[in-house]
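Novice: For reference, the structure I am asking about is given below.
The values are calculated or read from the model by the stated rules, or taken from the named source; none is laboratory data. All of these numbers come straight from a predicted model, not from anything done at the bench. Backbone-built Cβ (ideal geometry, glycine too); neighbour counts: all protein chains shown. These accessible areas exclude ligands, DNA and RNA; they are computed on the full protein's heavy atoms, side chains included. Shrake-Rupley method; radii C 1.70, N 1.55, O 1.52, S 1.80 Å.
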Amino acid sequence: MRTYLVTGGAGFIGSNYIHYMFKKYGDEIRIINVDALTYAGNLENLKDIENRANYSFVKANICDKEAISKIFAENDIDRVVHFAAESHVDRSIKNPEVFVQTNVLGTAVMLNCAKAAWENPDGSFKEGKKFLHVSTDEVYGSLPDDENAFFYETTPYDPHSPYSASKASSDMLVKAYMDTYRFPANITNCSNNYGPYQFPEKLIPLIINNALQGKKLPVYGDGKNVRDWLYVEDHAKAIDMVQEKGRLFETYNIGGHNEKQNIEIINIILETLQEMLPEGDPRKAYINKDLITYVEDRKGHDRRYAIAPDKIKSEIGWEPETYFKEGIKKTIAWFFEHEDWMKNVTSGDYQKYYEDMYDTKGAK
Ligand code: NAD
Ligand code: TYD
């Protein structure tokens, strides 16, 4: 039975990936999830699979060499899928250090421990071992307002935020391991994800949550920054396909040609909420464009991201399956059905975060 070590599996994409993998492979695989449970990690995301015999959870920090090498020593790990990271650009602008710690040093620890466990005495690697480093399109920097400009795997790195700089550094470390040791790895650079279990510091869940409560909807700058949105399950499927069918040592860009301005996203969410809320629901009265509030722009705000997914499509046959209109409905339906999840994650520290981040911007 193949054993996966998933880092950051209690976060947004990691927990969706674990659900996807059990749905696809059932009892054919074993998953060990290692997560430090920061503010972004939530074991509630994994409630329905936590009692499976082929699943286990280890609470540990990826910077903790001893804890990570112990996992490799006690288990014959075949695949590493490395999600664990600090992932929010706004937080990285306020507090960059922890991004370097987790994203750069944590990745170095993961690479070292996997290398030590998988290396043969002659420097080659044991058959079938693979490391997949989950990264972002933000490492490529910012595109101009030109709908024919895209990020390719060959686009030079040009990160701007502390978040993207730390992810770019971690990608470079993985590349260095591949080039120096022929360490068996892949890198995937994906566009913005949305879907169930996303923490409401990111645009889509924040807007859904605020709109449902009649709170202001903060739009940074002119609202015309473009992001390329992908439904999270399509990302999970792409990661699995890269490990199954991709060529080792290659980078694959993942994205679905779904570029939208932030203001368009907000308008679609407002319309979809109106459509989905039942007649007579009191929230229908206040969910409208009057909630939109333009606030101070993010520092160094990248203008436009757009992925060219040609390589993953032609080499591996991956294509996104979820149209945005359908994905946003599924996401909103999930939030309707999981009001307690939202209440739990927005109680306590979240209030303080929200005040710190948005008070000065004028959208409290
Ligand atoms: P997230 O913030 O929702 O989850 C991150 C997880 O990592 C959490 O469970 C957290 O507890 C854990 N973690 C953080 N620091 C840790 C540490 N030091 N040790 C162990 N665990 C730690 O992030 P996400 O949105 O699910 O993103 C997952 C990965 O995908 C990240 O590497 C991110 O850069 C990448 N990515 C995200 C997006 C996106 O749109 N969210 C797009 C492309 C790539
Ligand atoms: P975000 O979800 O933080 O993802 P990223 O910065 O990694 O792309 O933000 C998506 C876009 O939405 C980005 O252009 C910033 C913008 N944004 C707002 O306008 N208001 C908000 O409250 C947030 C969180 C983001």
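Yes/no per residue for (1) touching a Leu at 6+ places or on another chain (Cβ under 6 Å); (2) in a helix (DSSP H, G or I); (3) not acidic (Asp, Glu):
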{"site": "GLY128", "(1), (2), (3)": "no, no, yes"}
{"site": "VAL134", "(1), (2), (3)": "no, no, yes"}
{"site": "GLU153", "(1), (2), (3)": "no, no, no"}
{"site": "TYR163", "(1), (2), (3)": "no, yes, yes"}
{"site": "ASN189", "(1), (2), (3)": "no, no, yes"}
{"site": "PHE199", "(1), (2), (3)": "no, no, yes"}
{"site": "GLY214", "(1), (2), (3)": "no, no, yes"}
{"site": "ASP222", "(1), (2), (3)": "no, no, no"}
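Novice: So VAL226 ticks every box in (1) within 16 Å of ligand 2 (Cβ to nearest atom); (2) open to solvent by 40 Å² or more (accessible area, probe 1.4 Å); (3) farther than 26 Å from TYR39 by Cβ but one. Which box is left unticked?
Specialist: So VAL226 meets the others, but not (2).
Novice: Which pairs do you get when a residue that is of a type in the set (Gly, Ala, Ser), found in the stretch 207-232, comes within reach of a residue that is open to solvent by less than 10 Å² (accessible area, probe 1.4 Å), reach meaning Cβ atoms under 6 angstrom, with the pair 6+ apart or on two chains?
Specialist: As it stands, the answer is ALA211/LEU273; ALA211/ILE287, since those pairs meet every condition given.
Novice: List pairs: first in the stretch 331-350 and open to solvent by less than 60 Å² (accessible area, probe 1.4 Å) and of a type in the set (S, T, N, Q), second at pLDDT 95 or above and part of a helix (DSSP H, G or I), Cβ under 7 Å, 6+ apart or cross-chain?
Specialist: THR331/ILE204; THR346/ASN209
Novice: Being more than 17 Å from the chain's Cα centre (by Cα) and within 14 Å of ligand 2 (Cβ to nearest atom) narrows it down to one of ILE208, ILE204, so name that one.
Specialist: Checking each option against the conditions leaves just ILE208.
Novice: For the stretch 298-316, indicate whether the set of residues that are without any contact (Cβ under 8 Å) to a residue 40 or more places away in the chain and on the phi < 0 side of the Ramachandran plot is non-empty.
Specialist: Scanning the stretch 298-316, I find at least one residue that is without any contact (Cβ under 8 Å) to a residue 40 or more places away in the chain and on the phi < 0 side of the Ramachandran plot, so the answer is yes.
Novice: Go through LEU248, LEU273 for me and flag whichever is in a loop (DSSP other than H, G, I, E, B) and at negative phi.
Specialist: Answer to the selection: LEU248.
Novice: Still on this model: Pick out the one residue from GLU28, GLU74, GLU66, GLU97 that is away from ligand 2 (no atom under 16 Å from the Cβ), in contact with a strand residue (DSSP E or B) (Cβ under 9 Å, 6 or more places away or on another chain) and open to solvent by 40 Å² or more (accessible area, probe 1.4 Å).
Specialist: After ruling out the rest, the residue left standing is GLU28.
Novice: Any idea how many residues of the stretch 168-223 are more than 16 Å from ligand 1 (Cβ to nearest atom), of a type in the set (Ser, Thr, Tyr) and open to solvent by less than 10 Å² (accessible area, probe 1.4 Å)?
Specialist: 0
Novice: Against the condition open to solvent by 40 Å² or more (accessible area, probe 1.4 Å), out of contact with any Gly (no Cβ under 8 Å at 6 or more places or on another chain) and either within 16 Å of ligand 2 (Cβ to nearest atom) or modelled with pLDDT of 95 or more (or both), how does PRO144 come out, does it pass?
Specialist: In short, yes.
Novice: Something else about it: Please give the number of the condition ASP145 fails out of (1) of a type in the set (Asp, Glu); (2) more than 30 Å from TYR350 (Cα to Cα); (3) part of a helix (DSSP H, G or I).
Specialist: (3)
Novice: Further question: Could you tell me whether any residue of the stretch 132-143 is under 27 Å from ASN45 (Cα atoms), among the polar types (S, T, N, Q) and in contact (Cβ under 8 Å) with a residue 12 or more places away in the chain?
Specialist: Looking for residues that are under 27 Å from ASN45 (Cα atoms), among the polar types (S, T, N, Q) and in contact (Cβ under 8 Å) with a residue 12 or more places away in the chain, one finds at least one in the stretch 132-143, hence yes.
Novice: Turning to a different aspect of this structure: Does PHE99 fit the bill of being at pLDDT 95 or above and within 22 Å of PRO184 (Cα to Cα)?
Specialist: For PHE99, the condition - at pLDDT 95 or above and within 22 Å of PRO184 (Cα to Cα) - is not met.
Novice: For the stretch 107-127: of the residues being of a type outside the set (D, E, K, R) and in contact (Cβ under 8 Å) with a residue 60 or more places away in the chain, which is surrounded by the fewest Cβ atoms within 10 Å (Cβ to Cβ)?
Specialist: Result: ALA108.
Novice: Which of the following residues is crowded, with 19+ Cβ neighbours inside 10 Å and not aliphatic (A, V, I, L, M): ASN16, ASN51?
Specialist: The conditions single out ASN16.
Novice: What number goes with the only condition from (1) touching a residue at least 60 places away in the same chain (Cβ under 8 Å); (2) away from ligand 2 (no atom under 16 Å from the Cβ) that SER161 does not pass?
Specialist: Of (1) touching a residue at least 60 places away in the same chain (Cβ under 8 Å); (2) away from ligand 2 (no atom under 16 Å from the Cβ), only one is false for SER161: (2).
Novice: Could I ask something else about it? Being over 20 Å from ALA238 (Cβ atoms), hydrophobic (A, V, I, L, M, F, W, C), modelled with pLDDT of 95 or more and open to solvent by 10 Å² or more (accessible area, probe 1.4 Å) is the requirement here; does ALA10 meet it?
Specialist: no
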